[in-house]
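See below for the structure under consideration.
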Amino acid sequence: MPHTETALAQWIEPTRRWVETVVVGLNFCPFAKREVDAGRVFYTVNQSQDKATLLQWLLDECQRLDENDEIETSLLIISYGFEGFFDYLDLMDLAERLIVAEGYEGIYQVASFHPDYCFADADENDAANYTNRSPYPMMHLIREASLERALSHHPDPDSIPHTNIKLAREKGLAQMQALRQACFGG
């Protein structure tokens, strides 16, 4: 389905604000600011609810990254059909298998973000879940080599998730909800 600029903005702008205010603003990803500031994050939207179509879209985005070194990372925003977290997790499982089957393992990694993201064994109201709660379901396609380089320059890469969880819990559920909700504002 073709997208108009207005239709794309409906999903891209809240996502861009979330990246800037939550991911970068709270330093959940210590490597994101440089890429955001350099304009090397690509945002794309798909309105399909068909898993096969979305998986082909993921492969198309891998090819876009193959052909465009100036794009560091892609955020694939799923506008409809995967609002349910468990349906989304099924799609993510297929996406990860596809990356392996198509020879992209070790080249690209797929990270998951969803409005109802919930860590295994966590309460759904745990503020820590907001480290991965985005405005919309999305697949984050990351260049593995770039990630490895960035991690090699970080003093303690294993501490990043724990630091993020601690910060989200310190901010509390209400503040984390408000930060994400503000991404939908004008």
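The values are calculated or read from the model by the stated rules, or taken from the named source; none is laboratory data. Just so it is clear, the model here is predicted, and its values are computed rather than measured. Glycine also receives a Cβ, built like all others from the backbone with ideal geometry; neighbour counts cover every protein chain displayed.
Side notes on the structure shown:
- Of the residues making up region 106-123, those that are in contact with a Phe, Trp or Tyr (Cβ under 9 Å, 6 or more places away or on another chain) and over 17 Å from Phe42 (Cβ atoms) are Ser112, His114, Pro115, Asp116, Tyr117, Cys118.
- Just one residue in the set Leu55, Leu26, Leu59 is touching a Leu at 6+ places or on another chain (Cβ under 8 Å) and either closer than 27 Å to Lys166 by Cβ or buried (at least 20 other Cβ atoms within 10 Å of the Cβ) (or both); that residue is Leu26.
- Applying the criterion of at least 1 residues that are closer than 18 Å to Arg16 by Cβ and of a type in the set (A, V, I, L, M, F, W, C) to the helices (runs of 4 or more DSSP H) found wholly in region 124-186 leaves 173-182.
- Within region 109-135, the set of residues being touching a residue at least 60 places away in the same chain (Cβ under 8 Å) and in contact with a His (Cβ under 8 Å, 6 or more places away or on another chain) comprises just one member, Ser134.
- One residue stands out in region 88-101 among those that are loosely packed, with under 15 Cβ neighbours inside 10 Å and closer than 15 Å to Gln63 by Cα: the one that is farthest from the chain's Cα centre (by Cα), namely Ala101.
- Enumerated helices (runs of 4 or more DSSP H) restricted to region 27-101, each holding at least 2 residues that are among the basic types (Lys, Arg): 32-37, 51-67
- Selection within region 136-181 - in contact (Cβ under 8 Å) with a residue 12 or more places away in the chain, among the hydroxyl-bearing types (Ser, Thr, Tyr) and under 19 Å from Tyr108 (Cβ atoms): Ser146
- Qualifying residue in region 43-55 (condition: in contact with a Cys (Cβ under 6 Å, 6 or more places away or on another chain) and at pLDDT 95 or above): no
- Yes/no for Val110 being at pLDDT 95 or above and either under 22 Å from Met176 (Cα atoms) or part of a loop (DSSP other than H, G, I, E, B) (or both): no
- The combined condition, being among the polar types (S, T, N, Q), at pLDDT 95 or above and crowded, with 19+ Cβ neighbours inside 10 Å, is fulfilled by Ser74.
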